[in-house]
Structure formats: structure tokens, C-alpha cells
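Bear in mind that the values in this text are calculations on the coordinates, not laboratory data. Model, not experiment: these values are computed from the prediction. Note that each Cβ is placed from the backbone with ideal geometry, even for glycine, and that neighbours are counted across all protein chains shown.
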Amino acid sequence: MSAGFEPIRLAANQPADRFYRGGTRISDFRSAPPAAPFTPEDWVGSTTSVRGHAPEGQTRLPDGELLADAVSREPIGWLGAAHLERFGADTMLLVKLLDAGQRLPIHAHPDGGFAAEHLAAAHGKAEAWYILTPGTVYLGLRESIDPAELRGLVDGQQTERMLGLLHAIDVAANDTVYVPPGMLHAIGPGILLAEVQEPEDLSILLEWTGFELDGAADGHLGLGFELALSAVDTSGWSRDAILSLVRHVDSDGPALTPASARYFRLDRVSTPQSLPAGFTILIALDRSMSLTTAHGATLELARGTTTLVPFAAGALSIVGPGLVLVARPPEAR
């Protein structure tokens, strides 16, 4: 293992020409120059490529090497032996900042079994959001729908009808939302959020009118809609069941519903904390905190900064008056 595994301050990594508007709120959050149009996502600590456009989306380290290549070359240093034994040389994590400059289209993501069988992918795509600015999200069907009826709505692009089938949930800053694989969802306009997800770019798009994409060609992951829509959960969810996926976070500790822990972990830190060694991504939300590693390396976690910490940096100490999100892979057990 080479020396020098220390925390790394990450620059913005915003893939260009996405199919929906946004990016300004990310620039404002980072206190950075104005973003280019249609750059609504910042892929943080990413070993994942935009589907069909590798290596776009992947993080480059300060020396120009792709993070994915660095992890492959020295997996124990980046991930640790226990993680490597359980998951292989796979970070098991993708973190994003997302600025919904317009309402996102109704979509869903496949689970791991479907992704492995039909897409030769190593993961499905569960995801969770930490809300930074308020708005409305749409989550899960209010009533079950016959798959053939859903296919007809998609073919006819009956978007208002489809949106009306979903639960509309008002969310505030410091709320979190867990989105299981297969669940239909959309993010309303004006929301800035931090997202943790499985490290894949796999979306089944049910609407595309008004978006910069050819959904009829690109909305089904190359599988055709009949097969792709079989990955969608068409069962109805009660409002109470949907609300069980939403939490308001007003204290330190795990920020997400326990059901998400098999896929990723997200903690809130606002008081002095000690964290065990591990592959970690930090997003500083408010004011400033100070990060110190087991080897004595220190780094300021100022608002709007994103920081990547490899396993070999050792245990971490975070102190100060700020607020930091700590994103990590699932536990290696």
C-alpha cells in the first residue's frame, strides 16, 4: 500500500447536457462560479459512469487518475480488508448533489436481481435523499395499477394522470426520503438535495414530454418497455406506509430509515464525533467543522465542500459548530 492516504477535497463533478434543467443551486451551495445549463447533478466520489458515456460521471483525483482506477489498484487502502472480503473492490456507493431546476420525470430504478439478469449490472439502484431546500416529492402509487394500464399511460404520455397516481409529499430542509428499488417517484422543482444510492445509472423513464430526451428510445434501458416496466412496483402504498420512508432529522446519528441500511449509510454530524475508518464521503452543509485523521492530517469542512476519505486515513475526529453529512457503504458484515 502506498503512503499518503489522506482526505481529499473534491471539486464539482457535474456531467454536461443532462435531460433536465438545474445546476444553479449547486453552484450557490458550493460558492462556485455559475454552472453551465443542464448540469443539475454533482457526482461526488464517483466510480460510476453516465450510462453509455464512460468515463463521464466518474471522479478524477487531483493527480488526474480516475477514482475507480485508484480503488482497483489499491483496494485495501481505499476500502479496507473487511469491505474487500464482503463486497470486492467495489465502493458500493454513489453520492450526488441534485438541483431540480424543473420537476424530474416520473421514473423508477430496477432492483439488483433485475439489473443482474437483464442488464449485466452489479447493482440495482436504491436511493435516498437528504433534503436541503423545501418542496414536493412524488413517491409510490396511491392504488395498485394493472401493468397493461400503466403501459398505456406511458405510451400515451398521460403525464398528469400518472403524476396524480402518486403520493405527493411536502418535504422540508433536513427531511430524508428513502426510495426502494422499483418505486415510482419524481422530485418537484426547486429542491436541492444530497443523494446516496447504489453505484449505477439505471432509470426507467415513464415520461419525457418537455424534457431533453427521446424517452421512447432511451427510457427503457434498451430492454423495451414491456420488460423494463416489469421492474416497476405497481402495487398501491398507503400514505402511512409512504410516510414511514420519510424522516425529519433533528439530531445526530443515522439519518435514514433502517430499511435502507442494506444499501448505504448516511449520518448527520453537528457535534464532536469520532468515526471508524472506512471509505467515507463528507458533505458540509452549514458553517464549518474540522476533520482530523488518525495520522494527524487535518482539513476544514467548510459549507458547500465535499471530501473523500479513504479507509487507510484511519479513524476520524470531527469537531466544530457546523453540520456535516457522512455517507458510507453498507456495513461489511
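Points worth noting:
- From the coordinates shown, Cα extents along the principal axes in Å corresponds to which of (i) 61, 43, 40; (ii) 66, 41, 39; (iii) 60, 39, 37: (iii)
- Packing-based order for 121-127, 235-241, using average beta carbon neighbours within 10 Å, highest first: 121-127, 235-241
- Once the Cβ-Cβ distance of SER251 and GLU56 is raised to the sixth power relative to R0 = 56 Å, the FRET efficiency obtained is 0.90.
- The mean sequence separation of alpha-carbon pairs under 8 Å and at least six residues apart, normalised by the residue count of region 254-328, gives a relative contact order of 44 percent.
- Each peptide in 60-66, 192-198 receives the mean, over its residues, of other Cβ atoms within 10 Å, and ordering these scores from highest gives 192-198, 60-66.
- Peptides 253-263, 128-138, 40-50, ordered by how many other C-beta atoms sit within 10 Å of their residues on average, highest first, read 40-50, 128-138, 253-263.
- Subtracting the Cα-Cα distance of ASP155 and ALA82 from their residue separation scaled by 0.36 nm leaves 21.6 nm.
- Point-charge dipole on Cβ atoms (K/R +1, D/E -1) for region 191-333, about Cα centre, debye to 20: 780 debye
- Region 254-328, dipole about Cα centre (Lys/Arg Cβ +1, Asp/Glu Cβ -1), debye to the nearest 20: 180 debye
- Separation of alpha-carbon centers, region 61-84 and region 277-304, rounded to whole Å: 19 Å
- The helix-based estimate of mean residue ellipticity at 222 nm for the chain, built from -39,500 (n - 2.57) per DSSP H run of four or more residues and divided by its residue count, is -4500 deg cm²/dmol to the nearest 500.
- When the charge dipole of region 246-333 is built from unit charges on Cβ atoms (+1 for Lys and Arg, -1 for Asp and Glu) and taken about the Cα centre, the candidate among VAL326, SER260, ALA294 whose Cα reaches farthest toward its positive end is SER260.
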